[in-house]
Structure formats: C-alpha cells, structure tokens
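The values are calculated or read from the model by the stated rules, or taken from the named source; none is laboratory data. Everything numeric here is computed off the predicted structure, so don't read it as measured data. Because the Cβ atoms are built from the backbone with ideal geometry, glycine has one as well, and the counts that use them run over all protein chains shown.
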Amino acid sequence: MALYSEKVMDHFMNPRNLGEIENADGIGEVGNAKCGDIMKIYLKVDKNIITDVKFETFGCGSAIASSSMATEMIKGKSIDEALKLSNKAVAEALDGLPAHKMHCSVLAEEAIKAAVQDYYNKIGIDYNTEEFPNCETCGYCCGKH
C-alpha cells in the first residue's frame, strides 16, 4: 500500500488556489512549531460567499495537499459553511492521510477559521471566540505568534 493516496499526490504536485490575494478580506496564518508547517489562507468575500480563496503553505506534501483540498472545498461556499469544514472532511476528501500527517488537515481547518476570524474583525462582526483557534499571546488567532 502506498503511503499517500493518488489525491494527496495530485494536490501536492498540482496545487489548486496557490498564491496570494491582494487586499484579501480575511487572512489566516497558523503554524505547528513541532513539524514546521505554516499555512496562510486568503479569503475574498462578497455577500457572505467566499468568491476566491488562495493559500501559501510552507511544509510537507501533506500540508500542501491539505491546503489545496481545503481551499477547493470552501470556494463558492458561505462563511458559515466554511466554518463547518472539519479536518476529518479534508482528510477524507484526500482519500486519507497517514496518522502521523493528520495534523496537516488540522492546520488547514485552523487556517480557514483564522481567516474568517480576521474577516469578522475587519468588518466588525461579533462572533463566539470559542469557535476559533486561540492565541495564548494576544487572545485570538492573529496569525503572528
């Protein structure tokens, strides 16, 4: 059995939505110091719909594939739908990840939530802070710590 599925390899070798969005409505950056993976998600939102999403990821093939798949899964969806995207759904869409790489799908979920949180902060929408990753330094996921 191969370590990675064909879908993981495809999204790693041919990532979708790679790049940066100038003047993004929301930007979320998360990282895992233990493995060194860093993900940055950019959102463009119009009338509560994610009209464009891009990512920049520094990390392993699973991290890049997870970022690519997650952006594909939320493009064209509402903010509420994007917030419901779980790391398990990302891993399943990739036809699975090795157990020691599941943290990559967790980072993708957290990066999306951080980008939505940034969007909410920029436009002044109140939200339940328990729905978002928390930064011990500043109290919310600012993506800088």
Of the numbered conditions (1) crowded, with 16+ Cβ neighbours inside 10 Å; (2) over 22 Å from PHE132 (Cβ atoms), GLY26 satisfies every one except a single condition; which is it? (2)
What residue, of TYR4, TYR42, is hydroxyl-bearing (Ser, Thr, Tyr), in contact with a Lys or Arg (Cβ under 7 Å, 6 or more places away or on another chain) and closer than 24 Å to LEU97 by Cβ? TYR42
Of all residues being polar (S, T, N, Q) and not in a loop (DSSP other than H, G, I, E, B) in the stretch 77-129, which is surrounded by the fewest Cβ atoms within 10 Å (Cβ to Cβ)? Just the residue, please. THR129
Unique residue being modelled with pLDDT of 95 or more, in contact with a helix residue (DSSP H, G or I) (Cβ under 8 Å, 6 or more places away or on another chain), over 25 Å from ILE125 (Cα atoms) and hydrophobic (A, V, I, L, M, F, W, C) when the list is ALA93, ALA82: ALA93
Inside the stretch 47-76, the number of residues satisfying the requirement of being over 10 Å from the mean Cα position of the chain (by Cα), crowded, with 24+ Cβ neighbours inside 10 Å and not in a helix (DSSP H, G or I) is 1
Being in a strand (DSSP E or B), free of Cβ contacts under 8 Å to residues at least 24 places away in the same chain, surrounded by 14 or more Cβ atoms within 10 Å (Cβ to Cβ) and not charged (D, E, K, R), is that true of even one residue in the stretch 36-44? yes
